[in-house]
Amino acid sequence: MKRLDQQLLDTLESVLRLGRFDRAAELVRLSRPMANVVLARLRRTFDDELLVRTANGMIELTARALQLPAPMRALLERIGEIFRASTGFEPAFCDDIFAIAASDYALAVLAPPLAARMAELAPRAALAFAPLPARLERRALESDGLDLALGAAVPRAQRVASQRLLDERFCCVVRKHHPRVQRRLGARQYAAEAHLVYGGGARATDAAAADPGSRRRVGMRVPNFLLVPEIVARTDLVATLPERFARLHAGRLGLAVLPAPVKLAGFSLWQAWHAARTDDAAHQWLRGLVCEVAAEL
């Protein structure tokens, strides 16, 4: 049999599983010209058409192709073992479920791009997010099956490792056609306007970044900050939000993002994990991926 590279193997496995070459090519991210090249190589390799068009226009697997699925799956599994043994970890073969406890802020800002990057690099793996407890204990990272915790508060314990991902600051948001606030928000007007504030504590942004709204004129209060942009877009309320989160929604909702006219302490987002996982190859890859995604925010 002629030499099979990983691209051919991945494509063939997908063809045999789906029964359709177009879907298989899409799954392994091949352009249409490259897909045709790969199909031609597969046909030459197995000396068989593999896929044929029937009289009614449908595409079907040939008899030769129908004999391949079970052996191909076994071969792919064996190749995966070889890859993992030689490199320590191969994302394309990873089928792990990574459990992550995350704050509202981390879920809103980091989870979407992380999921997209995970789907691209490790399509067989999965992410399982859970709320970050108000107080994350070391034993949760050790015994609750958590791979990572993402938040502002890091457990202070001997067996917990951590890494700072980014620094965040607060800004103010109003709807673009606010009757009194346009390009600038001064301290006096900031104090005079009605504010949309959200409940403090770990589930607002993080324990170290609870909404600093206790001294403002409260026009409305909500349990957490996730709905704040939608409400601000439909009212004359002013809100104080983490800047990255605010900018995620500003264009879509027509919000103006303004510097906070008063000094507000920001916060940092951290990833924390049990030290026993520090040298695990899959865990190292996950932490690196989280760090890369955070750096691009």
| What's the number of the condition A282 fails, among (1) among the small types (G, A, S); (2) in contact with a Gly (Cβ under 8 Å, 6 or more places away or on another chain); (3) open to solvent by less than 20 Å² (accessible area, probe 1.4 Å)? | (2)
| request: Determine if the stretch 282-290 includes at least one residue that is at pLDDT below 95 and more than 19 Å from L110 (Cα to Cα). | output: yes
| request: Would you kindly identify the strands (runs of 3 or more DSSP E) lying entirely within the stretch 225-297 that contain at least 3 residues that are within 20 Å of I97 (Cβ to Cβ)? | output: 267-274
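Would you point out which residue out of R184, R203 is open to solvent by 50 Å² or more (accessible area, probe 1.4 Å) and either farther than 28 Å from A149 by Cα or modelled with pLDDT of 90 or more (or both)? So that I can check it myself, show each step before the final result.
Details: R203 fails: either farther than 28 Å from A149 by Cα or modelled with pLDDT of 90 or more (or both).
None of the other options fit; the residue is R184.
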| Which numbered condition E243 misses (of (1) modelled with pLDDT of 85 or more; (2) over 27 Å from the mean Cα position of the chain (by Cα); (3) closer than 25 Å to V154 by Cα; (4) open to solvent by less than 60 Å² (accessible area, probe 1.4 Å)) | (2)
| Looking only at residues in the stretch 220-236 that are open to solvent by 20 Å² or more (accessible area, probe 1.4 Å) and β-branched (V, I, T), which one is farthest from L110 (Cα to Cα)? | T235
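The values are calculated or read from the model by the stated rules, or taken from the named source; none is laboratory data. Just so we're clear, the structure is a prediction, and the values are computed from it rather than from any experiment. Reconstructed Cβ throughout: ideal geometry from the backbone, glycine too, with neighbour counts over all protein chains shown. These area figures cover heavy atoms from the full protein model, side chains too; ligands, DNA and RNA do not enter into them. Shrake-Rupley method; radii C 1.70, N 1.55, O 1.52, S 1.80 Å.
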